[in-house]
There are 2 protein chains.
Amino acid sequence: MDIFIEPIGRLMNEFSKLPGVGKKTAQRYAYRVIRMSEEEAEAFAKAIVNIKKQVRFCSVCGNFTVNDVCDICKSRDHSVVCVVKEPKDVIALEKLREFRGVYHVLHGVIDPMNGVTPNDIRIKELLERINKENVSEVIMATNPDVEGEATAMYIAKLLKPLGVKVTRLAHGIPIGSELEYADEVTLARALIDRKEL
Amino acid sequence: MDIFIEPIGRLMNEFSKLPGVGKKTAQRYAYRVIRMSEEEAEAFAKAIVNIKKQVRFCSVCGNFTVNDVCDICKSRDHSVVCVVKEPKDVIALEKLREFRGVYHVLHGVIDPMNGVTPNDIRIKELLERINKENVSEVIMATNPDVEGEATAMYIAKLLKPLGVKVTRLAHGIPIGSELEYADEVTLARALIDRKEL
């Protein structure tokens, strides 16, 4: 006899598939669902099925959309393209409400150690866009880690012969932090990239 | 235009109803569901609907079950009844694989400040059990907080005239901890409840 009855154990197992959810958290979630009304539980279940059914990738930028082309690609200036690793990076940038251009989601970064080559991410699609659309600037916004930097450099090399300006998000001391606590690599980079006031 | 497209926003909203899940976590969960296969998502949705459809309360002890009477009540010794606040407390005790008696889930504790009176929790059902079944001992295992202690005392007073032995889980220094770090109330209690070696 297992400690959890079957329907509870099964839902706990499903919740455990979510990132960072262990057995204890899965139990709390399952018990919360038991206390939902039947309508609430149905709505929850439906939202899960619907996200799979309705969400697809924008045929232009690769971001999540419910249509063939996403709302950002439909409504914004295509002369500036911001290249990111994943759809969640688009969200992070959109939250700023600063950037008015469009995105290009690579769905990964070049990572030979894990078998990810340039052909495995959406670089070809980016080149096609640059050739087709009238792009004046490409902003590389991959993560500031080894793979992200290498991918940015790789793409920049491909794009420069096409006569397009390629930029990279600035590195440096985070605003509001203290010099004392900045790591050495970041501090050294901030010194090299110092700006005239 | 919202930052999240509708199906993602809706599922994030559903995930946010789970305990301790904020917007950021809900986003991570929703993105994980997008990456599931359609079968996986269907199984997840079904598990949510099924837990609501199949799980009910045991007509004897009040714990979760899929039948009228739970497996614990069906198969175990009814002469010792352990009284707990919630179904999750049954799980905590069952994990020990020590206790061979049955449970009685109160579904709450007396808490006048929040409008919970003795009539709002399953005390009447406990008295009926004691009268009907041949119970020799009732172990009060409510939480060691004000409401839990008060509820244990209240029930003990009701049960004693029925000639049943009422016990309470021991309080004291947690095993493996250090005296120095025990809170004063616990330490004082451990001193009062000291045992002869």
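Miscellaneous remarks
- Segment A:85-113 residues that are of a type in the set (D, E, K, R), paired with ones that are part of a strand (DSSP E or B) and at pLDDT 95 or above (beta carbon under 7 Å, 6 or more apart): A:E86/A:V105
- In segment A:86-106, the count of residues that are open to solvent by less than 80 Å² (accessible area, probe 1.4 Å), of a type in the set (V, I, T) and farther than 28 Å from B:P7 by Cβ is zero.
- Looking across segment B:18-42, the residues that are in contact with a helix residue (DSSP H, G or I) (Cβ under 9 Å, 6 or more places away or on another chain), facing another protein chain (nearest Cβ under 7 Å) and of a type in the set (D, E, K, R) come down to B:R28, B:E38, B:E42.
- Residue, least open to solvent (accessible area, probe 1.4 Å), within segment B:7-17, restricted to residues that are more than 24 Å from the chain's Cα centre (by Cα) and more than 7 Å from chain A (Cβ to nearest Cβ): B:M12
- If you go through segment B:44-78 and keep only what is aliphatic (A, V, I, L, M) and either free of Cβ contacts under 8 Å to residues at least 60 places away in the same chain or in a helix (DSSP H, G or I) (or both), you end up with B:A45, B:A47, B:I48, B:V49, B:I51, B:V55, B:V66, B:V69, B:I72.
- All of (1) without any contact (Cβ under 8 Å) to a residue 60 or more places away in the chain; (2) out of contact with any helix residue (DSSP H, G or I) (no Cβ under 6 Å at 6 or more places or on another chain) hold for A:R129 with one exception: (1).
- Looking across segment B:90-107, just one residue is in a loop (DSSP other than H, G, I, E, B) and touching a helix residue (DSSP H, G or I) at 6+ places or on another chain (Cβ under 6 Å), and that is B:F99.
- Looking across segment B:62-72, just one residue is within 8 Å of chain A (Cβ to nearest Cβ) and open to solvent by 60 Å² or more (accessible area, probe 1.4 Å), and that is B:D71.
- Screening A:S75, A:S59 for residues that are surrounded by fewer than 16 Cβ atoms within 10 Å (Cβ to Cβ), within 9 Å of chain B (Cβ to nearest Cβ) and of a type in the set (G, A, S) leaves exactly one candidate, A:S75.
The values are calculated or read from the model by the stated rules, or taken from the named source; none is laboratory data. Because the structure is a prediction, the values reported are computed rather than measured. Cβ: placed from backbone, ideal geometry, glycine included. Neighbour counts: every protein chain shown. Just the protein is used for accessible areas: all its heavy atoms, side chains included, with ligands, DNA and RNA removed. Shrake-Rupley method; radii C 1.70, N 1.55, O 1.52, S 1.80 Å.
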